[in-house]
1. Filter the stretch 65-84 for residues that are outside any strand (DSSP E or B) and touching a Leu at 6+ places or on another chain (Cβ under 8 Å); which is nearest to Gly122 (Cα to Cα)?
2. Being closer than 19 Å to Leu87 by Cα and aliphatic (A, V, I, L, M) is the filter; apply it to the stretch 10-29 and report the residue that is surrounded by the most Cβ atoms within 10 Å (Cβ to Cβ).
3. Just give me the residues in the stretch 16-53 being acidic (Asp, Glu) and in a loop (DSSP other than H, G, I, E, B), in sequence order.
4. From the list Leu13, Leu58, Leu87, which one is at pLDDT 95 or above and assigned to a strand (DSSP E or B)?
5. Write out, first by first residue and then by second, each pair whose Cβ atoms fall under 7 Å of each other, whose residues are 6+ apart or on separate chains, and whose first residue, in the stretch 124-136, is over 14 Å from Asn111 (Cα atoms) and in contact (Cβ under 8 Å) with a residue 24 or more places away in the chain while the second is surrounded by 11 or more Cβ atoms within 10 Å (Cβ to Cβ) and among the hydroxyl-bearing types (Ser, Thr, Tyr).
6. Under 7 Å between Cβ atoms, at least 6 apart or on separate chains: pull out the pairs that start in the stretch 64-78 with a residue that is over 22 Å from Gly99 (Cβ atoms) and free of Cβ contacts under 8 Å to residues at least 60 places away in the same chain and end on any residue that is small (Gly, Ala, Ser) and crowded, with 19+ Cβ neighbours inside 10 Å.
7. Could you tell me whether Val107 is surrounded by 16 or more Cβ atoms within 10 Å (Cβ to Cβ) and in contact (Cβ under 8 Å) with a residue 60 or more places away in the chain?
8. What residue, of Asn45, Asn111, is of a type outside the set (Phe, Trp, Tyr), in contact with an Asp or Glu (Cβ under 6 Å, 6 or more places away or on another chain) and closer than 22 Å to Leu26 by Cα?
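The values are calculated or read from the model by the stated rules, or taken from the named source; none is laboratory data. Not measured: the values here are computed from a predicted model. Cβ placement follows ideal geometry from the backbone for every residue including glycine, while neighbour counts extend to all protein chains displayed.
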Amino acid sequence: MNLIVRKMTLDDLEQVVAIDQASFSLPWPPRSFRFEVTENPASRNWVAEANSQIVGLLVGWLIVDELHIATLAVHPNFRRQGVGEKLLVQALQSAGVEGAVKSFLEVRASNQPARALYQKFGYVEDGVRKGYYKDNQEDAILMTLERINV
């Protein structure tokens with residue numbers, strides 16, 4: 001698979017929203033992705049593209065020297081092929097160049113594949129947000145990467 005990771009554009013939003021909706025029980029409304037691309041100065045948005053199709057996305061927020069991973073999703077047909085890893089590498093490297101030294105995120109307690117991906121990158125589980133997810137009151141696991149290595 002010839003995979004390109006690049007900045008998200010308005011033209012990507014239809015495919016981005018479709019991947020988000022296929023990936024999460026509480027997907028973002030389309031206007032949220034539009035806001036991230038057009039209005040949020042802290043937003044760092046990436047897509048993975050294969051053969052002119054968007055196959056993954058990552059939205060992060062760079063706040064002072066921290067990158068908060070807001071969402072990361074991969075199209076169901078392209079999971080377990082390194083797409084999420086490539087998106088995360090791009091986001092962390094780019095944020096590091098911009099001065100980020102640490103990163104954090106929340107992930108569903110039941111999402112073992114995502115937790116394993118983040119641990120592979122050095123994130124550690126260091127907290128719980130009880131009942132964080134509104135659809136089923138599932139806990140969110142807080143994960144922190146203490147040092148972004150560029």
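1. Filtering first and then ranking leaves Gly84.
2. Ranking the candidates gives Val16 first.
3. Start the filter on the stretch 16-53 by keeping residues that are acidic (Asp, Glu), which leaves 20, 36, 39, 49.
Residue satisfying the conditions is Glu39 alone.
4. Working: Leu13 fails: assigned to a strand (DSSP E or B); Leu87 fails: assigned to a strand (DSSP E or B).
Unique residue meeting the criteria: Leu58.
5. Cβ pairs passing all conditions: Asp135/Ser25.
6. These pairs meet every condition: Ala73/Gly56; Val74/Gly56; Val74/Gly84; His75/Gly56.
7. Working: surrounded by 16 or more Cβ atoms within 10 Å (Cβ to Cβ): yes; in contact (Cβ under 8 Å) with a residue 60 or more places away in the chain: no.
In short, no.
8. Answer to the selection: Asn45.
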